[in-house]
Amino acid sequence: MIDIHSHILPGIDDGPSTLEESVEMGRLYAEAGFSRVVATPHWVPGTAWMPGRDAVERGVVALNAVLAKKQIGVRVYAGMEIAMDAGLGKLFVQGRLPGLAGSSYLLIEAPFQQMPAGWEQVFLKLKGKGCGVILAHPERCGQLAADPAMFDAVVEAGVFLQVNYDSFLGGYGRQAADTAFYLAGRGYAHCLATDSHDTAYRYPGRVQKAREAVEKAVGDEAADVMARVNPGRVLAGKGLHAPTPVTEKRRRKIPWWRRVMGYGG
Ligand SMILES: [Fe+2]
């Protein structure tokens, strides 16, 4: 498997503080069945979290060297999780925002409360510059979760959505769980990712359980597109597939009270 969202690099953001912990995360990734992981440290304009591309690339080279030496079968690639901001188009032109693993896909962090005014223009600008825009964990954005119809506009704007595995297990609360299942059912959860930060709380260990919940809700084929096919296409710089939405017929088979609770199966 491939993870397109991970805070595995040490000493850059709120991920691990030591290289040892990063290596341990690499081991947990291998154990969970991952072979490729994109390191996506936070990049938040106007804060201490604005790592240069070279710092991220150096971190990736150093971590890969240790992983290879310890014969841990995981390879790390460079990327960033870029906070949503009105000035992103300009920053991209300046070459400050790297794509995921050298691709043209940018991972943009969904705000936790409101989408900024003019978000449509920001995405339009980035897309106009040849970027693929992937919005990270939109199920955790309060405004979007409270008004799921907004997701139609986001997806119609050509934005791809990345949902966190742990959201399906309630790791970010009930609203995020309901929204994650809603997005999966609509065929809007283009990619699943771990958003791992450490070795104990936000780590790759619960992926299998989350995947089973997704498979139960949307079927094996759509789950495979979200978990394996599309992350692979991100790394290859190819267009992403839209996972098949859950049909009304299948939705009807799920008892109404489970649908209301957001648990599909
Ligand atoms: Fe993240």
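Read the figures in this text as sums done on the coordinates, not as results from a lab. Just so it is clear, the structure is predicted and the values come from calculations on it, not from any experiment. In this analysis, Cβ positions are derived from the backbone assuming ideal geometry, glycine residues included, and neighbour counts consider all displayed protein chains.
Assorted remarks:
- Restricting region 12-33 to residues that are assigned to a loop (DSSP other than H, G, I, E, B), of a type outside the set (Ser, Thr, Tyr) and away from the ligand (no atom under 16 Å from the Cβ), the residue that is nearest to Ala200 (Cα to Cα) is Ala32.
- Summed over region 134-167, the residues that are on the phi < 0 side of the Ramachandran plot and either hydroxyl-bearing (Ser, Thr, Tyr) or touching a strand residue (DSSP E or B) at 6+ places or on another chain (Cβ under 6 Å) (or both) give a count of 12.
- When the residues of region 186-198 are filtered to those that are within 16 Å of the ligand (Cβ to nearest atom) and surrounded by fewer than 24 Cβ atoms within 10 Å (Cβ to Cβ), the one that is farthest from the chain's Cα centre (by Cα) is Asp198.
- Of residues in region 199-230 being out of contact with any Gly (no Cβ under 7 Å at 6 or more places or on another chain) and of a type in the set (Lys, Arg), the one farthest from His241 (Cα to Cα): Arg202
- The set of residues in region 136-168 being β-branched (Val, Ile, Thr) and either in contact with a helix residue (DSSP H, G or I) (Cβ under 6 Å, 6 or more places away or on another chain) or within 16 Å of the ligand (Cβ to nearest atom) (or both) consists of Val159, Val163.
- Residue check: Gly171 meets all listed conditions (1) part of a loop (DSSP other than H, G, I, E, B); (2) out of contact with any helix residue (DSSP H, G or I) (no Cβ under 6 Å at 6 or more places or on another chain); (3) under 23 Å from His241 (Cβ atoms) but one, namely (3).
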